[in-house]
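Structure first, commentary second.
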Amino acid sequence: MFGILIVFIALGYAISFAMGPDYFFIIMIVAIIFSISYILVGFYKSDKIALKSVNAKPAPHVKYPTYNNVVEGLCLASGLPKPKLYVMEDPQINAFASGRDPEHAVICVTTGTLNKLDKHELEGVIGHELSHIANYDIRFMTLTAVLVGMIAIISQIFLRSLFWRSIGGGGRSKDNQGQTIFMIIGIAMAILAPIVVQLVQLSISRKREFTADASAVKFIRSPTGLINALKKIDNEHPDLRQQEESKKKINKAVAPLFISNPFKTKMQGLTSTHPSLKKRIATLERM
């Protein structure tokens with residue numbers, strides 16, 4: 001969190017120089033206050049933000065007994081406190097975990113997960129999500145998401161302010177060479193920072209999926225359930241209407257939290273939120 005705060009302040013510092021000394025203190029004060037507020041809200045309210053973004057509903061034991069029983073059993077096996085359980089309306093098989101630590105964690109599964117998976121396969125999916133909780137991936141991914149979102153917001157504000165200054169003729173005619181250099185640096189950072197940080201976030205997300213798969217096998221003592229669940233996910237082929245509905249229901253910012261890419265993209269390069277399902281299955285089959 002301290003590292004993220006330093007990045008935000010450094011970006012605000014570069015932008016303030018680019019905008020000129022008249023704006024330096026105003027930009028730095030706003031950058032510090034906004035950065036601290038944004039980080040704290042993202043840290044303490046990450047689970048509520050993620051659940052709200054997908055319109056998830058609580059999953060009481062009376063209505064979802066199998067779901068609750070599977071989670072309770074795996075929590076006993078792993079030594080983790082039981083997270084709060086939620087369900088979101090979506091015919092595709094998927095799930096995610098969120099929260100700042102195991103004591104404040106939530107797990108959300110789609111209705112497709114509960115309808116299409118048997119108990120053993122559901123254990124594999126839940127074990128994967130509990131692994132994210134145990135490994136504190138939910139905290140780490142939340143902070144990287146905050147970093148991406150904040151830098152994108154700052155960059156857009158900066159670039160738009162430059163646009164309006166150029167239209168209004170607000171720039172001074174006798175800018176010195178140092179300010180020009182900072183202007184160029186500020187523009188470069190505003191354009192490149194969101195792209196670079198997002199690529200880092202996606203890379204971290206892909207690597208942590210393999211770790212969560214391995215930890216799930218330790219909890220369950222068998223890779224079979226998770227392998228079969230991933231195969232069913234891989235064999236799902238939603239039509240265009242279902243894909244469009246998923247895009248409307250799920251914000252791209254929370255896509256890396258899911259067990260598989262909710263948008264079913266074929267891309268497996270730098271811009272992919274998840275590693276290939278076939279690679280994950282092959283890795284689990286060797287365990």
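The values are calculated or read from the model by the stated rules, or taken from the named source; none is laboratory data. All values derive from a computational prediction rather than experimental measurement. Neighbour counts run over all protein chains shown; Cβ positions are idealised from the backbone, glycine included.
Residue 108 - would you say it is more than 17 Å from the chain's Cα centre (by Cα) and among the hydrophobic types (A, V, I, L, M, F, W, C)?
no
If I go through region 253-287 residue by residue, how many of them are more than 17 Å from the chain's Cα centre (by Cα), modelled with pLDDT under 90 and of a type in the set (Gly, Ala, Ser)?
Of the residues in that region, 2 qualify.
Identify the residue in region 64-112 that is touching a residue at least 40 places away in the same chain (Cβ under 8 Å) and hydroxyl-bearing (Ser, Thr, Tyr) and, among all such residues, is surrounded by the most Cβ atoms within 10 Å (Cβ to Cβ).
98
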